[in-house]
Amino acid sequence: AKIVERDENGRPTRFMGTHSDITERKLAEDEIKNFKKAMDASSDAIGMATADGEHYYQNSRFDELFGDVGTDPPSTLYVDENVGREVFSTILSGDEWIGEVAMYGRDKSVLDILLRAYPVKKDGRVTAVVGVHTNITELKKAEEELKKMDRLKSVGTLAGGIAHDFNNILSGVFGNISIARI
């Protein structure tokens, strides 16, 4: 704010003002911008919620994968709401939760997710929760295809072995028939 004092003729005689050094604020704003860029560049979906479970942050990948999850993620995001409640209660108790879980995608399709969820603590108290979600749906499908291929390979090996054994039996039978003819 600036104040100009003037003499009786209206000419400025003195200026007064204040200023604030905002260097630290600008540096903090830059850090936040860089942090947001890093979060948005992640291939993982990252979401944050308050200790009350109210969802308040999601990176762009989270938005692509899940969309808006509302204020109660356990009931809107998890296929099994009880698992969602377990995840949140584990984190709120101060522990991390890591595992595979079924979640609804933006289009309400069921996704296989590797979830790594952590508490954010301040002075020993949980103040927020962070979830890092890796979509492993395609990986799980590929694993299933590999299992099918392995089973087919096993069946092929078994069929080849049976055919070989049957061929050995037939050789004996044909050999005996040839001897019987003679």
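The values are calculated or read from the model by the stated rules, or taken from the named source; none is laboratory data. From a predicted model like this one, the values you see are computed outputs, not experimental measurements. As a convention, Cβ positions derive from the backbone with ideal geometry for all residues, glycine included, and neighbour counts pool all protein chains shown. These area figures cover heavy atoms from the full protein model, side chains too; ligands, DNA and RNA do not enter into them. Shrake-Rupley method; radii C 1.70, N 1.55, O 1.52, S 1.80 Å.
Some observations on this one:
- Radius of gyration and Dmax over the Cα atoms of the stretch 79-182, both given in Å: 28.4, 99
- Charge dipole magnitude, Cβ of K and R +1, D and E -1 - the stretch 33-121, Cα centre, debye nearest 20: 420 debye
- In order along the stretch 50-55, the Karplus-derived 3J(HN,Hα) couplings, from 6.51 cos²θ - 1.76 cosθ + 1.60 at θ = phi - 60°, round to 6, 5, 7, x, 7, 5 Hz, and Gly and Pro are given as x.
- Equivalent ellipsoid semi-axes - Cα gyration tensor, the chain, angstrom: 72, 20, 13
- For Lys153, the lysines whose Cα falls under 27 Å of its own Cα, not counting residues fewer than eight places away in the same chain, are Lys140, Lys141.
- When you restrict to C-alpha pairs under 8 Å that are six or more residues apart and normalise by the size of the chain, the relative contact order lands at 14 percent.
- As a ratio to 2.2 N^0.38 Å, the alpha-carbon radius of gyration for the stretch 34-134 is 0.99.
- Computed over the stretch 97-182: relative contact order in percent, which uses C-alpha pairs under 8 Å that are six or more apart: 17 percent
- Carbon/sulfur fraction of accessible area - the chain, other protein chains in place, 1.4 Å, %: 56 percent
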